[in-house]
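Colleague: Below is a structure I'd like to ask you about.
The values are calculated or read from the model by the stated rules, or taken from the named source; none is laboratory data. Quick caveat, the model's predicted, so the values are computed rather than measured. Cβ coordinates were reconstructed from backbone atoms using ideal geometry, including for glycine residues, and neighbour counts include every protein chain displayed.
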Amino acid sequence: MNMKKIPLPQDYFDFVKWSPKKMRELAACSYEQKKSVYEEVKAILPELRTFKNTVVALENPYGEYNDLFRKLSILEQCSPKSVIRDAAHEIIAEYSEKFIDLDYDRELYIAMLEYSEGNFSDEKKKLKKDDIKLLEEAMIEYRRAGFLLPENAQKLIKTKLKKLSLLSQQFGKNINDYDDAIVLKKSEVDGLKESYLATLPKDKSGNYVVTLAYPHIGPFLSEASNRVKRKELAEKNLKKGGVKNVTLLKQMVTLRGELAHILGYKHHADFRTETRMAKNAKTVEIFQRDILKKVSPLAKAELRSLSKYGVTLGVKKLEHYDVSYVATALKKKLYEVDPETVRAYLPLPHVLKELFSLAEILFDLRFTKVDLVLWHKDVLCYSVSDGLGEYVGHLILDLYPREGKYGHAMCADIALSREVEWQSGKLTPAVAAMVCNFRAPQKKGKTTIPSLLSIGEVETLFHEFGHALHMLCGRARHEAHTGANVAWDFVETPSQIMENWVWNEDMLRRLTKHHETGEVMPQGMRSKVIAGKHFLDAYSYTRQILFGTLDLELHMGKVVDAAKTYREMHKKYFAIELPTKETLFPAGWGHMAGYDAGYYSYLWALVYAKDAFSLFEKRGLFSKEIGIRWRKEILEKGSSEDELLLMKKFLKREPNSNAFLKSLGVK
Ligand SMILES: [Zn+2]
């Protein structure tokens with residue numbers, strides 16, 4: 001059945017004018033509505049339960065609630081008015097808590113159980129595969145929340161979860177509050193740029209203060225020639241989070257393990273991976289180990305060449321605080337192209353035009369600008385349709401920094417496509433917003449210099465666009481399955497695949513057009529830009545796998561002293577020792593609260609993205625045949641089928657890590 005998407009209602013974007021009062025009213029109303037639907041579902045007699053009045057009923061208020069809160073969320077991140085941002089923030093915080101209490105209701109589980117053990121067997125043959133998947137997933141979530149256990153075990157889970165949440169918050173807070181710095185005399189600033197020094201605070205005697213904040217420590221470790229000072233700052237950074245967090249992390253890991261045991265899992269890592277693509281910790285372990293084995297010899301070779309080059313810079317033996325410094329100098333020597341010169345070839349309007357044209361060539365999508373004023377005059381809106389003129393969704397671009405706006409890059413789904421009503425055969429419209437912080441256009445006399453992007457920003461644009469396509473193209477029937485609502489370790493695959501085009505010589509030529517002369521970037525410069533991208537690749541990925549391994553093994557109960565294990569791994573794979581007393585890592589690693597047993601996902605999703613991209617490399621980078629297959633099998637399906645199965649259908653074979661390894665030069 002070809003389900004049509006209904007067009008966006010004319011008044012859809014009225015939400016950008018909501019007042020705090022209106023937002024509060026709507027939130028309260030949505031809460032009451034959800035509550036009353038829940039009451040109705042609970043009151044149905046077991047023999048009268050159907051898929052529609054129980055499973056769909058419990059799924060749909062979820063959708064409507066999310067529709068409202070997704071709008072509030074984009075206002076919270078992007079509204080130019082602080083009163084709106086603050087009000088949205090408050091409402092979201094207040095209701096998130098309220099909704100947890102509402103959803104965590106044993107009677108809702110009983111309702112689903114009554115249906116799945118009752119009328120489901122009769123109705124099953126009439127249901128579609130994704131309907132059944134929805135029910136199964138809901139039952140799994142209830143089991144994972146402990147609803148199948150006796151009441152005392154459930155109470156214990158709740159107590160432990162609350163304690164864990166407090167400990168995690170404290171862990172994060174200790175990292176944020178952790179304050180340490182070095183003092184830098186004017187005579188010690190060799191190698192550092194004036195523009196960087198201007199950003200540093202000063203102490204009473206006029207000395208510079210370099211803190212552990214990323215904008216301070218990052219450039220310092222890569223550019224400061226003073227080795228003693230680099231050592232001092234790097235060692236302080238290894239202590240980040242402090243001894244307090246060493247203790248907290250131990251307690252958190254123990255608690256997570258206890259919770260997993262109560263729920264019947266061997267360890268927390270198995271619990272976390274169960275509902276992801278990986279399915280269990282063992283699979284992740286093998287995945288990481290296999291790649292590590294092949295990549296780490298290359299990483300060692302890269303470090304050897306750094307060591308060799310380090311000698312010319314006066315670094316006799318490469319230490320942990322030298323790596324970034326020597327790497328920056330070597331990269332400069334081999335591949336330096338003036339960043340401003342590169343930017344001049346990458347004006348945003350042209351890059352965007354080429355990006356849309358790529359999406360047309362590959363995925364048969366058309367982007368038409370719509371004249372609408374949204375939350376700010378710089379925000380652009382496009383209507384997206386396919387080659388047959390069928391409506392796909394709306395894309396919003398909010399690309400320049402503003403005071404109070406979300407400071408990084410992201411793509412948010414404001415509306416998700418899902419079936420209007422169960423079995424109606426019609427889909428709701430999709431709206432995705434890409435939020436970035438690129439250099440704004442600048443007025444220079446009578447002319448305006450367009451926004452000029454760095455090559456890294458072009459990559460960011462492609463990445464977020466990949467998320468947007470996933471959200472816009474979604475055609476799954478249920479909210480839980482549509483768009484980017486996929487397994488956690490697959491979310492970054494549709495975004496990361498798009499990055500590959502940027503680093504292709506032919507595509508990079510298309511993307512460049514000097515903002516003054518209109519010329520494409522010279523071939524020599526393009527080659528340098530692309531070669532520079534892969535500098536120290538093996539070392540970076542090995543580091544990533546070491547983090548992933550530490551995280552996984554910690555949550556598999558295999559690690560007693562996390563800092564000691566980290567030191568040992570560092571020595572084994574990089575032949576560089578970390579100081580015993582100073583190394584408290586992972587005490588300062590924010591991922592341990594929230595991304596626990598999940599760090600592997602970055603690489604996991606990337607390996608799938610590289611594998612999928614290899615099909616384009618084989619059949620042509622601009623192959624519509626493969627592009628349409630990607631849209632139909634991956635982007636449109638969301639998680640209405642198992643993601644691994646979808647990948648197999650797309651690839652027409654088992655996925656593997658060959659393409660990823662090949663991109664690193666593994667033979
Ligand atoms: Zn992403």
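Colleague: Could you list, in sequence order, all residues of segment 285-336 that are β-branched (Val, Ile, Thr) and surrounded by 13 or more Cβ atoms within 10 Å (Cβ to Cβ)?
Modeller: Residues of segment 285-336 β-branched (Val, Ile, Thr): 286, 291, 295, 311-312, 315, 323, 326, 328.
The answer is Ile291, Val295, Val315, Val323, Val326, Thr328.
Colleague: Asp103 versus (1) farther than 27 Å from Met434 by Cα; (2) over 26 Å from the mean Cα position of the chain (by Cα): which is the lone unmet condition?
Modeller: Tallying (1) farther than 27 Å from Met434 by Cα; (2) over 26 Å from the mean Cα position of the chain (by Cα), Asp103 fails exactly one: (2).
Colleague: Taking only pairs six or more apart or across chains, which ones have beta-carbon atoms under 7 Å, a first residue in segment 643-667 that is within 24 Å of Lys632 (Cβ to Cβ) and at pLDDT 95 or above, and a second residue that is hydroxyl-bearing (Ser, Thr, Tyr) and surrounded by 17 or more Cβ atoms within 10 Å (Cβ to Cβ)?
Modeller: Close Cβ pairs satisfying both conditions: Met647/Tyr608; Pro655/Tyr608; Ala659/Ser614.
Colleague: Of the residues Gly594, Gly590, Gly557, Gly638, which is at pLDDT below 95 and at positive phi?
Modeller: Gly594
Colleague: Of these, Ala563, Ala531, which one is buried (at least 18 other Cβ atoms within 10 Å of the Cβ) and either touching a residue at least 24 places away in the same chain (Cβ under 8 Å) or within 16 Å of the ligand (Cβ to nearest atom) (or both)? Lay out the reasoning, then the answer.
Modeller: Numbers: Ala531 fails: buried (at least 18 other Cβ atoms within 10 Å of the Cβ).
Selected residue: Ala563, the only one of Ala563, Ala531 that is buried (at least 18 other Cβ atoms within 10 Å of the Cβ) and either touching a residue at least 24 places away in the same chain (Cβ under 8 Å) or within 16 Å of the ligand (Cβ to nearest atom) (or both).
Colleague: May I ask you to list the residues in segment 480-515 that are more than 14 Å from the ligand (Cβ to nearest atom) and either among the basic types (Lys, Arg) or part of a loop (DSSP other than H, G, I, E, B) (or both)?
Modeller: If the condition is that a residue be more than 14 Å from the ligand (Cβ to nearest atom) and either among the basic types (Lys, Arg) or part of a loop (DSSP other than H, G, I, E, B) (or both), then Thr482, Asn485, Ala487, Trp503, Asn504, Arg509, Arg510, Thr512, Lys513, His514, His515 are the ones that fit.
Colleague: Based on this model, can you work out whether Ile175 counts as touching a residue at least 40 places away in the same chain (Cβ under 8 Å), of a type outside the set (Lys, Arg) and in contact with a strand residue (DSSP E or B) (Cβ under 6 Å, 6 or more places away or on another chain)? Before the answer, list the steps.
Modeller: Numbers: touching a residue at least 40 places away in the same chain (Cβ under 8 Å): yes; of a type outside the set (Lys, Arg): yes; in contact with a strand residue (DSSP E or B) (Cβ under 6 Å, 6 or more places away or on another chain): no.
Spelling it out, it is not the case that Ile175 is touching a residue at least 40 places away in the same chain (Cβ under 8 Å), of a type outside the set (Lys, Arg) and in contact with a strand residue (DSSP E or B) (Cβ under 6 Å, 6 or more places away or on another chain).
Colleague: To continue, here is another question. With respect to Met471, is the statement that it is touching a strand residue (DSSP E or B) at 6+ places or on another chain (Cβ under 8 Å), within 14 Å of the ligand (Cβ to nearest atom) and in contact (Cβ under 8 Å) with a residue 24 or more places away in the chain true? Explain how you work it out, then say what you get.
Modeller: Working: touching a strand residue (DSSP E or B) at 6+ places or on another chain (Cβ under 8 Å): yes; within 14 Å of the ligand (Cβ to nearest atom): yes; in contact (Cβ under 8 Å) with a residue 24 or more places away in the chain: yes.
Answer is yes for this residue.
Colleague: Is there a residue in segment 604-612 that is small (Gly, Ala, Ser) and in contact with a Lys or Arg (Cβ under 8 Å, 6 or more places away or on another chain)? Lay out the reasoning, then the answer.
Modeller: Step one: list which residues in segment 604-612 are small (Gly, Ala, Ser), which gives 605, 609, 612.
With in contact with a Lys or Arg (Cβ under 8 Å, 6 or more places away or on another chain) added as a condition, the list becomes none.
No: zero hits.
Colleague: Additional query: Residue check: is Ser30 within 29 Å of Phe147 (Cα to Cα) and touching a residue at least 12 places away in the same chain (Cβ under 8 Å)? Outline the logic, then answer.
Modeller: Numbers: within 29 Å of Phe147 (Cα to Cα): yes; touching a residue at least 12 places away in the same chain (Cβ under 8 Å): yes.
Criteria met by Ser30.
Colleague: Filter segment 416-446 down to residues that are touching a strand residue (DSSP E or B) at 6+ places or on another chain (Cβ under 9 Å) and away from the ligand (no atom under 16 Å from the Cβ), then give me how many there are. Full working, then the answer.
Modeller: The first filter runs over segment 416-446 and keeps only residues touching a strand residue (DSSP E or B) at 6+ places or on another chain (Cβ under 9 Å), leaving 416-420, 425-436, 438-439, 441-443.
Adding the requirement that they be away from the ligand (no atom under 16 Å from the Cβ) leaves 416-420, 425-431, 438-439, 441-443.
Qualifying residue count, segment 416-446: 17.
Conditions tested, residue by residue: (1) among the charged types (D, E, K, R); (2) under 22 Å from the mean Cα position of the chain (by Cα); (3) within 24 Å of Glu59 (Cβ to Cβ).
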site	(1), (2), (3)
Ala409	no, yes, no
Arg418	yes, no, yes
Leu427	no, no, yes
Asn437	no, yes, no
Ala480	no, yes, yes
Gln496	no, yes, no
Val502	no, yes, no
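Colleague: Which condition number in (1) surrounded by fewer than 18 Cβ atoms within 10 Å (Cβ to Cβ); (2) in contact with a strand residue (DSSP E or B) (Cβ under 9 Å, 6 or more places away or on another chain); (3) among the aliphatic types (A, V, I, L, M) is the one that Ala198 fails?
Modeller: Going through (1) surrounded by fewer than 18 Cβ atoms within 10 Å (Cβ to Cβ); (2) in contact with a strand residue (DSSP E or B) (Cβ under 9 Å, 6 or more places away or on another chain); (3) among the aliphatic types (A, V, I, L, M) one by one, Ala198 breaks only (2).
Colleague: Continuing with this model, one more query. Are any residues in segment 186-230 assigned to a helix (DSSP H, G or I) and either aromatic (Phe, Trp, Tyr) or touching a Cys at 6+ places or on another chain (Cβ under 6 Å) (or both), and if so, which ones? It would help to see each step written out before you state the result.
Modeller: Initial filter on segment 186-230 (assigned to a helix (DSSP H, G or I)): 186-188, 194-197, 214-223, 227-230.
Hits for segment 186-230 are Tyr196, Tyr214, Phe220.
Colleague: Still on this model: Answer with yes or no whether Thr368 is in contact (Cβ under 8 Å) with a residue 40 or more places away in the chain and of a type outside the set (A, V, I, L, M, F, W, C). Break it down into steps so the answer makes sense when it comes.
Modeller: Numbers: in contact (Cβ under 8 Å) with a residue 40 or more places away in the chain: no; of a type outside the set (A, V, I, L, M, F, W, C): yes.
Spelling it out, it is not the case that Thr368 is in contact (Cβ under 8 Å) with a residue 40 or more places away in the chain and of a type outside the set (A, V, I, L, M, F, W, C).
Colleague: If you go through segment 401-409 one residue at a time, do you hit one that is within 16 Å of the ligand (Cβ to nearest atom) and touching a helix residue (DSSP H, G or I) at 6+ places or on another chain (Cβ under 6 Å)?
Modeller: Initially, segment 401-409 is screened for residues within 16 Å of the ligand (Cβ to nearest atom), giving 406-409.
Next cut, touching a helix residue (DSSP H, G or I) at 6+ places or on another chain (Cβ under 6 Å) only: 406, 409.
The answer is yes, given that some residue of segment 401-409 is within 16 Å of the ligand (Cβ to nearest atom) and touching a helix residue (DSSP H, G or I) at 6+ places or on another chain (Cβ under 6 Å).
Colleague: Kindly check whether there is at least one residue in segment 631-638 that is among the basic types (Lys, Arg) and assigned to a helix (DSSP H, G or I).
Modeller: To start, the set of residues in segment 631-638 that are among the basic types (Lys, Arg) comprises 631-632, 637.
Checking the rest, the ones that are also assigned to a helix (DSSP H, G or I) come to 631-632.
Yes, segment 631-638 contains a residue that is among the basic types (Lys, Arg) and assigned to a helix (DSSP H, G or I).
Colleague: Which residues, taken from segment 447-457, are touching a residue at least 12 places away in the same chain (Cβ under 8 Å) and either over 17 Å from the mean Cα position of the chain (by Cα) or away from the ligand (no atom under 16 Å from the Cβ) (or both)? Before you say what the answer is, go through the steps one by one.
Modeller: First, pick out the residues of segment 447-457 that are touching a residue at least 12 places away in the same chain (Cβ under 8 Å): 449-455, 457.
Selection gives Ile449, Pro450, Ser451, Leu452, Leu453, Ser454, Ile455.
Colleague: Just checking, does segment 38-58 include any residue being within 19 Å of Asp413 (Cα to Cα), among the polar types (S, T, N, Q) and either assigned to a helix (DSSP H, G or I) or in contact with an Asp or Glu (Cβ under 9 Å, 6 or more places away or on another chain) (or both)? Explain how you work it out, then say what you get.
Modeller: First, pick out the residues of segment 38-58 that are within 19 Å of Asp413 (Cα to Cα): none.
No, because not a single residue in segment 38-58 is within 19 Å of Asp413 (Cα to Cα), among the polar types (S, T, N, Q) and either assigned to a helix (DSSP H, G or I) or in contact with an Asp or Glu (Cβ under 9 Å, 6 or more places away or on another chain) (or both).
Colleague: Quick check, is Phe465 within 11 Å of the ligand (Cβ to nearest atom), at pLDDT 95 or above and aromatic (Phe, Trp, Tyr)?
Modeller: Details: within 11 Å of the ligand (Cβ to nearest atom): yes; at pLDDT 95 or above: yes; aromatic (Phe, Trp, Tyr): yes.
Yes; evaluated as a whole, the condition is true for this residue.
Colleague: Could you please find all residues in segment 426-456 being of a type outside the set (A, V, I, L, M, F, W, C) and either closer than 23 Å to His394 by Cα or surrounded by 20 or more Cβ atoms within 10 Å (Cβ to Cβ) (or both)? Break it down stepwise before answering.
Modeller: Taking segment 426-456 and keeping what is of a type outside the set (A, V, I, L, M, F, W, C), we get 426, 428-429, 437, 439, 441-448, 450-451, 454, 456.
The answer is Lys426, Thr428, Pro429, Asn437, Ser451.
Colleague: Collect the residues in segment 313-345 that are hydroxyl-bearing (Ser, Thr, Tyr), farther than 30 Å from Gln523 by Cβ and outside any loop (DSSP other than H, G, I, E, B), keeping them in residue-number order. It would help to see each step written out before you state the result.
Modeller: Taking segment 313-345 as the starting set, the residues that turn out to be hydroxyl-bearing (Ser, Thr, Tyr) are 321, 324-325, 328, 335, 341, 345.
Next, from what is left, pick out any that are farther than 30 Å from Gln523 by Cβ: 321, 324-325.
Ser324, Tyr325 - these are the residues of segment 313-345 that are hydroxyl-bearing (Ser, Thr, Tyr), farther than 30 Å from Gln523 by Cβ and outside any loop (DSSP other than H, G, I, E, B).
Colleague: Any idea how many residues of segment 1-37 are touching a Pro at 6+ places or on another chain (Cβ under 7 Å), farther than 15 Å from Leu68 by Cα and outside any loop (DSSP other than H, G, I, E, B)?
Modeller: Residues meeting the conditions: 2.
Colleague: Check off (1) of a type in the set (Lys, Arg); (2) touching a residue at least 60 places away in the same chain (Cβ under 8 Å); (3) over 18 Å from Glu633 (Cα atoms) for Arg509 and give me the number that stays unchecked.
Modeller: Condition (2) is where Arg509 drops out.
Colleague: Further question on the same structure: Among the numbered criteria (1) touching a residue at least 40 places away in the same chain (Cβ under 8 Å); (2) surrounded by fewer than 15 Cβ atoms within 10 Å (Cβ to Cβ), which one does Glu40 miss?
Modeller: All conditions pass for Glu40, except number (1).
Colleague: Now a separate question. Looking at segment 638-667 only, could you name the residues that are farther than 28 Å from Glu419 by Cα, under 23 Å from the mean Cα position of the chain (by Cα) and small (Gly, Ala, Ser)?
Modeller: Ser657, Ala659, Ser663, listed by residue number.
Colleague: Moving on to the next point. Can we say Ser417 is of a type in the set (S, T, N, Q) and touching a Lys or Arg at 6+ places or on another chain (Cβ under 7 Å)? Please lay out each step first, then the result.
Modeller: Numbers: of a type in the set (S, T, N, Q): yes; touching a Lys or Arg at 6+ places or on another chain (Cβ under 7 Å): yes.
Answer is yes for this residue.
Colleague: Output the residue which, of all residues in segment 249-284 that are of a type in the set (Gly, Ala, Ser) and closer than 25 Å to Phe585 by Cβ, is surrounded by the most Cβ atoms within 10 Å (Cβ to Cβ).
Modeller: As a first pass, look at segment 249-284 and keep what is of a type in the set (Gly, Ala, Ser): 257, 260, 264, 269, 278, 281.
In the following step, the residues that additionally are closer than 25 Å to Phe585 by Cβ were identified as 257, 260, 269, 278, 281.
Working: Gly257: 20, Ala260: 20, Ala269: 30, Ala278: 26, Ala281: 25.
Per the criteria, the residue is Ala269.
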